[in-house]
Amino acid sequence: MGIAVIEEKPGETAVDDRWETLLHAWREVDMPDGWRAEIRKEGIVLVPPPAAKHNDVPDWIARQLYPVLPKEIAFHQGSGVVIADQARLRSPDIVLFNRAAMPERRGEGIDPDEVLLVAEIASKDNARDDREAKRVEYATAGIPLYLLIDGYDPRGPRITLFSNPRGTDYSDSHAVEWGEPVDLPEPFDVKLDTSEFTVPSD
């Protein structure tokens, strides 16, 4: 994993300049196939392709959601969500958003106001980032639903749906053990079967 760091300077103008510099650099990153680039607190972080077992979970989710999703809702894997007021750009494992807000060109991210749900599948090396930093960022951006699929939870593999963002966190959360169903509310209104999700073994 590579990290490009640009030092943050004091002052609102400097922070704005830093964000514009980071965003410009992000647009210019020439990544190998399958890699993603995110803008985090540290700067631009290159994220390597996930393992095959990691990719299997979005496949099972897609199979269940496609039959119930209206065509106005897009299902993407790895597309960037721009959280400009936090100087962040995240590439969730899954993002469901209003298709009318589809970015038109490379280097443009999805507006979080158009996002209906993000899902992250924790990897061994980034589980803490998924549980803490992303949870705060997604809640602060007002993203209504955050689905965390965490096979590395110290309490045992579990899946948590965070909802009702309030300030820097979600006011509601519902966790189930791995393999138990998860109720996704409107606009999905589906009971997500997780029994086929692959439990991480690394």
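The values are calculated or read from the model by the stated rules, or taken from the named source; none is laboratory data. The structure presented is a predicted model; accordingly, all values stated were derived computationally and were not measured. FYI the Cβ positions are ideal-geometry reconstructions off the backbone, even for glycines, and counts take in every protein chain you see. To get the accessible areas, we keep the full protein, side chains included, count just its heavy atoms, and leave off ligands, DNA and RNA. Shrake-Rupley method; radii C 1.70, N 1.55, O 1.52, S 1.80 Å.
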*Looking at the P(r) of the stretch 94-167, how many percent of alpha-carbon pairs lie beyond 17 Å?*
47 percent
*the chain, accessible area per residue, ligands and nucleic acids excluded (1.4 Å, Å²)*: 53 Å²
*Selected from Asp56, Asp130, Asp169 as most flexible by GNM, with the chain as the system and alpha-carbon contacts under 10 Å*: Asp56
*Local electrostatic count, Lys191, Cβ distance below 11 Å [Lys/Arg +1, Asp/Glu -1]*: -4
*Between His174 and Lys71, with labels modelled 7 Å along Cα→Cβ, what's the label distance in nm to one decimal, could you check?*
3.1 nm
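Determine one quarter of the surface area of the Cα convex hull of the chain, which equals its mean projected area, and express it in nm² to one decimal.
Details: hull surface 45.7 nm².
That works out to 11.4 nm², a quarter of the Cα hull's surface.
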_Val29 versus Asp85: modelled label distance in nm, points set 7 Å from Cα along the beta carbon direction_ = 2.4 nm
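Can you give me the Rg/Rh ratio for the stretch 81-129, using Cα atoms for both radii and the Kirkwood formula for Rh? Mind dumping the intermediate values first?
Working: Rg = 11.8 Å, Rh = 11.9 Å.
Using only Cα positions, Rg/Rh for the stretch 81-129 is 1.00.
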